[in-house]
1. Since residue 33 meets every condition but one in (1) modelled with pLDDT of 95 or more; (2) within 27 Å of residue 162 (Cα to Cα), which condition does it not meet?
2. Take the residues in the range 128-164 that are open to solvent by less than 40 Å² (accessible area, probe 1.4 Å) and either assigned to a helix (DSSP H, G or I) or among the basic types (Lys, Arg) (or both), then tell me which one is nearest to residue 106 (Cα to Cα).
3. Can you tell me how many residues in the range 134-184 are β-branched (Val, Ile, Thr) and touching a Gly at 6+ places or on another chain (Cβ under 9 Å)?
4. Give me the pairs, please: first residue somewhere in the range 138-152 and aromatic (Phe, Trp, Tyr), second residue anywhere and surrounded by 13 or more Cβ atoms within 10 Å (Cβ to Cβ), beta-carbon distance under 8 Å, and either six or more positions apart or on two chains.
5. Yes or no: the range 52-66 includes at least one residue that is outside any strand (DSSP E or B), farther than 14 Å from residue 143 by Cβ, among the hydrophobic types (A, V, I, L, M, F, W, C) and at pLDDT 95 or above.
6. Which one of 19, 6 is over 19 Å from the mean Cα position of the chain (by Cα), of a type in the set (Lys, Arg) and at pLDDT 95 or above?
Amino acid sequence: MEKVQRLKRELAYTGTVLRVYRDTVQVPGCPPEAWDFIAHDGAAAVVAVREDGKILMVRQYRNALDRFTLELPAGKVDAPEEPKVLCAKRELEEETGYRSENLELLITVNTTVAFCNELIEIYLARNLEKTQQHLDADEQIEVEAYTLEELCGMIFRQELRDAKTVAGILAYQAWLAQAGKPES
């Protein structure tokens, strides 16, 4: 394949969680074109498994979809250099009211590679300790718990479509199979 070259990158917009750039890109054999690029500092998500095997999920409003969605607890890093495992621990407690000192990296995903560099590390949390939620003033989050079987059913019925959630649940299912553990 011939080399594609970025000729220029200009900041077009800075928001609260991302930066939007207009890139000028040269594809061999074509005139330079404008491409959009969204820069994101990264995030972490957690597959939090209670002792009874149920997985904690959060239901919250998502403006982009104009509806409430069911997702893994997750959030953006506070700063680009923040270790994502620390972000995962913080978001788990803030959103669900549970804490775990035992987080294990399950999978890393880039959510939308065509135009965004967002990278999410998804962790497995076990040995959960009940604390309390620490929601932001504008957050309305309900915590729910489901079996892995229920969540996989929701994925394949296309009721769960959030990329990090689908990746995290299926990665946990594979982790269980690899570890030779029965599904909960």
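1. Against the list (1) modelled with pLDDT of 95 or more; (2) within 27 Å of residue 162 (Cα to Cα), residue 33 comes up short only on (2).
2. 164
3. Matching residues across the range 134-184 total 2.
4. 146/54; 146/55; 146/57; 146/154
5. Step one: filter the range 52-66 for residues outside any strand (DSSP E or B), giving 52-54, 63-66.
Restricting the remaining residues to those that are farther than 14 Å from residue 143 by Cβ gives 52-53, 63-66.
The next check asks that each one be among the hydrophobic types (A, V, I, L, M, F, W, C); those that pass are 64-65.
After this cut, where a residue has to be at pLDDT 95 or above as well, the list is none.
Within the range 52-66 (the criterion being outside any strand (DSSP E or B), farther than 14 Å from residue 143 by Cβ, among the hydrophobic types (A, V, I, L, M, F, W, C) and at pLDDT 95 or above), the answer is no, since none of the residues qualifies.
6. 6
Each row is one residue, and each column tells you yes or no for (1) hydroxyl-bearing (Ser, Thr, Tyr); (2) in a loop (DSSP other than H, G, I, E, B); (3) touching a residue at least 12 places away in the same chain (Cβ under 8 Å); (4) within 27 Å of residue 37 (Cβ to Cβ).
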{"site": "75", "(1), (2), (3), (4)": "no, no, yes, yes"}
{"site": "81", "(1), (2), (3), (4)": "no, yes, no, yes"}
{"site": "89", "(1), (2), (3), (4)": "no, no, yes, no"}
{"site": "92", "(1), (2), (3), (4)": "no, no, yes, no"}
{"site": "107", "(1), (2), (3), (4)": "no, no, yes, yes"}
{"site": "113", "(1), (2), (3), (4)": "no, yes, no, yes"}
{"site": "123", "(1), (2), (3), (4)": "yes, no, yes, no"}
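The values are calculated or read from the model by the stated rules, or taken from the named source; none is laboratory data. Because the structure is a prediction, the values reported are computed rather than measured. Please note: Cβ atoms are built from the backbone with ideal geometry, for glycine as well, and neighbour counts cover all protein chains shown. Surface areas here come from the heavy atoms of the whole protein model, side chains and all, with no ligands, DNA or RNA. Shrake-Rupley method; radii C 1.70, N 1.55, O 1.52, S 1.80 Å.
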